[in-house]
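K.L.:
Quick one: the structure is below, questions incoming.
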Amino acid sequence: MSEPLKIQGVVVNAAQWGDNDKMLTVLTRELGVISVAAKGVKSLKNPNAQAVAPLCYSDFVLKCKSDVYSLVSADIIESFYALRNDITALAYGVYFAQLASFCVGRNNLADDEVRLLLNSLYMLSKHPDRCDVLKCAFELKICEYAGFAPYVECCSCGEEGLYFDLMQGEAVCSLHKTQSSKKLSPQVKAVFEYVQNADLKETLTFALDASLAKEVSSLAEEFLSHQLGRLPKGLDYIKKLNIQENN
Ligand SMILES: [Zn+2]
């Protein structure tokens with residue numbers, strides 16, 4: 001039997017598994033996304049139950065046998081408890097965690113992604129009224145960390161990009177636009193450029209109008225969907241909440 005593995009990570013998902021157990025999806029800096037079988041944690045009396053709740057950032061001790069991880073113990077480092085009192089902020093947090101895990105995959109170093117996620121969850125818990133701005137900032141920054149930051153000038157000729165090509169991930173001029181190009185307003189383009197040049201703190205404190213953030217997000221979602229082939233389920237839930245709020 002190998003030595004237990006000590007690792008820190010954010011619980012992205014805790015799926016029901018058997019009567020008393022859960023199968024965790026955990027985002028870690030060192031191993032990317034891992035699945036962890038957590039026995040007995042559905043019982044509230046279980047000492048590990050709280051530290052394996054979704055969005056908890058915890059210290060894990062794991063056993064590894066034939067590439068399968070199982071939970072020995074877990075201790076909370078940060079629970080982002082405030083998110084649990086605000087259903088909308090919680091929904092955005094879950095979406096951020098899911099999106100980060102989609103962008104990382106297994107056995108990839110995920111230092112930047114974990115840092116982005118932890119800082120975004122912190123900002124979300126302090127400023128739940130900035131959900132939409134944080135979402136737009138998160139989506140653009142995660143593209144950059146995943147290696148597909150959108151280009152804002154037409155790569156074919158260097159002219160100003162007036163459209164955004166979802167397939168190529170770059171702005172294109174009117175001459176080089178294709179069927180997969182969408183109109184790119186100067187305001188949306190300016191947000192793309194700002195986030196690309198901003199560090200993490202500047203990105204997450206960006207003073208951005210919520211309606212412009214939504215416009216950027218709608219393009220970012222389409223772009224992410226093209227790049228990843230799918231979008232997290234958490235996004236559907238956010239859209240449902242937004243519809244309810246607007247009715
Ligand atoms: Zn061009």
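K.L.:
Where the centroid of each part is defined by its Cα atoms, how far is the stretch 14-84 from the stretch 170-201 in Å?
P.N.:
39 Å
K.L.:
Around Val33, which amide H atoms from residues at least 5 apart in sequence, or from another chain, sit under 5 Å from its own amide H, with H modelled in the peptide plane?
P.N.:
Long-range HN contacts for Val33: Thr28, Gly105, Arg106, Asn107, Asn108.
K.L.:
Still on this model: With θ set to phi - 60° and the Karplus curve 6.51 cos²θ - 1.76 cosθ + 1.60, what are the ³J(HN,Hα) couplings of the stretch 185-191 in order, to the nearest whole Hz, using x for Gly and Pro?
P.N.:
6, x, 5, 5, 4, 5, 5
K.L.:
Mind listing the long-range amide H neighbours of Cys56? Cut-off is under 5 Å, sequence gap 5 or more, other chains count too, H placed in the peptide plane at 1.01 Å from N.
P.N.:
The list, which skips near neighbours in sequence, is Val11.
K.L.:
Could I ask something else about it? Evaluate the distance, in nm, between pseudo-label points positioned 7 Å from the Cα of Asp236 and of Leu200 along their respective Cα→Cβ axes.
P.N.:
So the two model labels end up 3.2 nm from each other.
K.L.:
For the chain, set up a GNM with springs between Cα atoms under 10 Å and report which of Val11, Val216, Val188 has the largest fluctuation.
P.N.:
Highest fluctuation among the options: Val188.
K.L.:
So what J values fall out for the stretch 140-145 if you push phi through Karplus, 6.51 cos²θ - 1.76 cosθ + 1.60 with θ = phi - 60°, rounded to Hz, Gly and Pro as x?
P.N.:
Once θ is set to phi - 60°, the couplings for the stretch 140-145 become 6, 5, 5, 4, 4, 5 Hz.
K.L.:
Continuing with this model, one more query. Determine, for Tyr92, Tyr69, the number of other Cβ atoms within 10 Å of each Cβ, and report the residues in order from fewest to most.
P.N.:
Working: Tyr92 26, Tyr69 20.
Fewest-to-most Cβ neighbours within 10 Å comes out as Tyr69, Tyr92.
K.L.:
Using the basic label-point model (7 angstrom from Cα toward the beta carbon), what is the Gln8 to Ile76 distance in nanometres?
P.N.:
It is 1.7 nm.
K.L.:
Would you look at the GNM of the chain, springs on alpha carbons closer than 10 Å, and say which of Gly32, Gly234, Gly18 moves the most?
P.N.:
Gly18
K.L.:
Sticking with this one: Can you put Met167, Met123 in order of Cβ neighbours within 10 angstrom, beginning with the fewest? Walk me through the intermediate numbers first.
P.N.:
Numbers: Met167 12, Met123 20.
If I rank by nearby Cβ atoms, fewest first, I get Met167, Met123.
K.L.:
Further, regarding this structure: How large is the dipole of the stretch 5-78 about the Cα centre if only Lys and Arg carry +1 and Asp and Glu carry -1, each at its Cβ, rounded to the nearest 20 debye? Let's see the in-between values first.
P.N.:
Values: 8 positive and 7 negative charges, 35 e Å.
Charge dipole, the stretch 5-78, about its Cα centre: 160 debye, nearest 20.
K.L.:
On to the next question. Among Leu200, Leu109, Leu175, which one shows the biggest mean-square fluctuation in a GNM of the chain, springs joining Cα atoms closer than 10 Å?
P.N.:
Leu175
K.L.:
Taking every DSSP beta bridge that has both residues in the chain, what percent is antiparallel when rounded to the nearest 5? All intermediate terms of the calculation are to be shown ahead of the outcome.
P.N.:
On the way: 38 of 41 bridges.
About 95 percent, rounded to the nearest 5.
K.L.:
So, R0 is 25 Å and r is the distance between the beta-carbons of Lys183 and Asp129; what FRET efficiency does that work out to, to 0.05? List each step's numbers first, then the result.
P.N.:
Working: r = 29 Å, r/R0 = 1.17.
So the FRET efficiency works out to roughly 0.30.
K.L.:
Apply the Karplus parameterisation 6.51 cos²θ - 1.76 cosθ + 1.60, with θ equal to phi minus 60°, to every residue of the stretch 90-97 and state each ³J(HN,Hα) to the nearest whole Hz, in sequence, with x for glycine and proline.
P.N.:
4, 4, 5, x, 4, 4, 4, 5
Bear in mind these aren't lab numbers, they're just calculated from the coordinates by the rules spelled out. Since we're looking at a predicted model, the values are computed, not measured. Glycine gets a Cβ as well: all are built from the backbone with ideal geometry, and neighbour counts include every protein chain shown.
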